[in-house]
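Reviewing the structure listed below.
The values are calculated or read from the model by the stated rules, or taken from the named source; none is laboratory data. Note that this is a predicted model, so its numbers are computed, not measured. In this analysis, Cβ positions are derived from the backbone assuming ideal geometry, glycine residues included, and neighbour counts consider all displayed protein chains. With ligands, DNA and RNA removed, areas are computed over all heavy atoms of the protein, side chains included. Shrake-Rupley method; radii C 1.70, N 1.55, O 1.52, S 1.80 Å.
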Amino acid sequence: MLSSELTAIKHSKRSMLSILFLLIAIILGEAFSWYGNYYLFWDYARYKHIALSFKNVYHPTMTTFLAGNTSGQFLQTMIIWLLPMYLLLISTQRLVEQSQTESNYVTLSRSSKINRYLVTSQLTQFIVFMGLFLVLFIFDFLLAELLFHNGQSFMDLENSTKYSHLLALEMHHPNLTYLAYSVIVSAAFGLFAVVVQVLVLILKRPILVYPVSLGIWFFMVAMPASSTYFIQPFIEYDWGTYLSALISYLLICGAIIVGSNLWLKLRGKYVYFS
């Protein structure tokens, strides 16, 4: 199923354009950050005849998509807030179309195959989107290293490390921190892709799937233990805030997935589909 899903994405113009948009957004974010910090600082230094110092250039990890600390990262907000839209456009929109033509899981299942289909399809969604975002985040990291090589500025966050052990640890190991966040956030996005998939199987109609998935995502972003607290590194929160946000996210996604799977199995067992 993984191979067929990748093939379907590869041959879907909608999927490829959505992925291309994400890639361009990451490149533009780094380009805006570079122009706003590196280029303008060097130009100012030459004009004022002052000494050049990499202490005034952003550390590469501070300009990355996940960090979202620079002027070039306004695109991050748009992507994070509208994440369910991209998940649907890249992959799960096909499930909506299949359900409308009576070719979704129900015609395959007839009870004994339901469990296998649900496990396989959801694992596929998780792997595809975790892999996709991990590749994008690593590409972003390499691009930042290229553009801001030797940069040392952490935007005065050093003054806040006394209030947060987590921040102090992150700044002591910035590259390792970004890589760790890349894996965790990619897995979190992959998990929400599974949430979107089960919503598609239950609701079936785009008029319901899009607002419901966006509503759940907005709720998790806006709630007191916002999911953004574990998505964004190098912020002035400590372990308590980080872990409460991550645990809340996992509990909500887990509850939706488990509850939806139980309902889908029950419906598949007791309802005969033509």
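I need every pair where a residue in the range 1-26 that is within 17 Å of Leu82 (Cα to Cα) and open to solvent by 60 Å² or more (accessible area, probe 1.4 Å) has its Cβ under 9 Å from the Cβ of a residue that is at pLDDT below 95 and hydroxyl-bearing (Ser, Thr, Tyr), sequence separation at least 6 or different chains.
Hits for this filter: Phe21/Tyr86.
For the range 117-128, state whether one or more residues are modelled with pLDDT of 80 or more, among the small types (Gly, Ala, Ser) and more than 24 Å from Leu6 (Cβ to Cβ). Walk me through how you get there before you give the answer.
Taking the range 117-128 as the starting set, the residues that turn out to be modelled with pLDDT of 80 or more are 117-128.
Still in the running and among the small types (Gly, Ala, Ser): 121.
This time we only want the ones that are more than 24 Å from Leu6 (Cβ to Cβ), so: none.
No - not one qualifying residue is present in the range 117-128.
Tell me which of these Leu89 doesn't satisfy, since it passes every other one: (1) open to solvent by 10 Å² or more (accessible area, probe 1.4 Å); (2) at pLDDT below 90.
Condition (2) is where Leu89 drops out.
Which of the residues that make up the range 108-164 are hydrophobic (A, V, I, L, M, F, W, C) and closer than 18 Å to Ile257 by Cβ? Quick ask: steps written out before the conclusion?
Looking only at the range 108-164, we keep the residues that are hydrophobic (A, V, I, L, M, F, W, C), and these are 108, 114, 118-119, 123, 126-130, 132-139, 141-144, 146-148, 154-155, 157.
Within the range 108-164, Ile114, Leu118, Val119, Leu123, Phe126, Ile127, Val128, Phe129, Met130 qualify.
Would a scan of the range 229-244 turn up a residue that is among the aliphatic types (A, V, I, L, M) and at pLDDT below 95? First the steps, then the outcome.
Keep residues of the range 229-244 that are among the aliphatic types (A, V, I, L, M), which gives 231, 235, 243.
Among the residues that remain, those that are also at pLDDT below 95 are: 231, 235.
There is at least one residue in the range 229-244 that is among the aliphatic types (A, V, I, L, M) and at pLDDT below 95.
Going residue by residue through the range 253-264, is there one that turns out to be at pLDDT below 95, farther than 20 Å from Phe126 by Cβ and not hydroxyl-bearing (Ser, Thr, Tyr)?
No; the residues of the range 253-264 include none that is at pLDDT below 95, farther than 20 Å from Phe126 by Cβ and not hydroxyl-bearing (Ser, Thr, Tyr).
Could you give every pair whose Cβ atoms fall below 6 Å, whose first residue belongs to the range 241-259 and is in a helix (DSSP H, G or I), and whose second residue is open to solvent by 30 Å² or more (accessible area, probe 1.4 Å) and at pLDDT 95 or above, counting only separations of at least 6 or pairs across chains?
Once the first residue is in a helix (DSSP H, G or I) and sits in the range 241-259, its partners that are open to solvent by 30 Å² or more (accessible area, probe 1.4 Å) and at pLDDT 95 or above give Cys253/Leu191.
Which of the residues belonging to the range 121-130 are touching a Leu at 6+ places or on another chain (Cβ under 9 Å) and open to solvent by less than 30 Å² (accessible area, probe 1.4 Å)?
Those that are touching a Leu at 6+ places or on another chain (Cβ under 9 Å) and open to solvent by less than 30 Å² (accessible area, probe 1.4 Å): Ser121, Thr124, Gln125, Val128, Phe129.
Name the residues in the range 234-271 that are open to solvent by 50 Å² or more (accessible area, probe 1.4 Å) and β-branched (Val, Ile, Thr), would you?
Answer for the range 234-271, where residues must be open to solvent by 50 Å² or more (accessible area, probe 1.4 Å) and β-branched (Val, Ile, Thr): Ile247, Val258, Val271.
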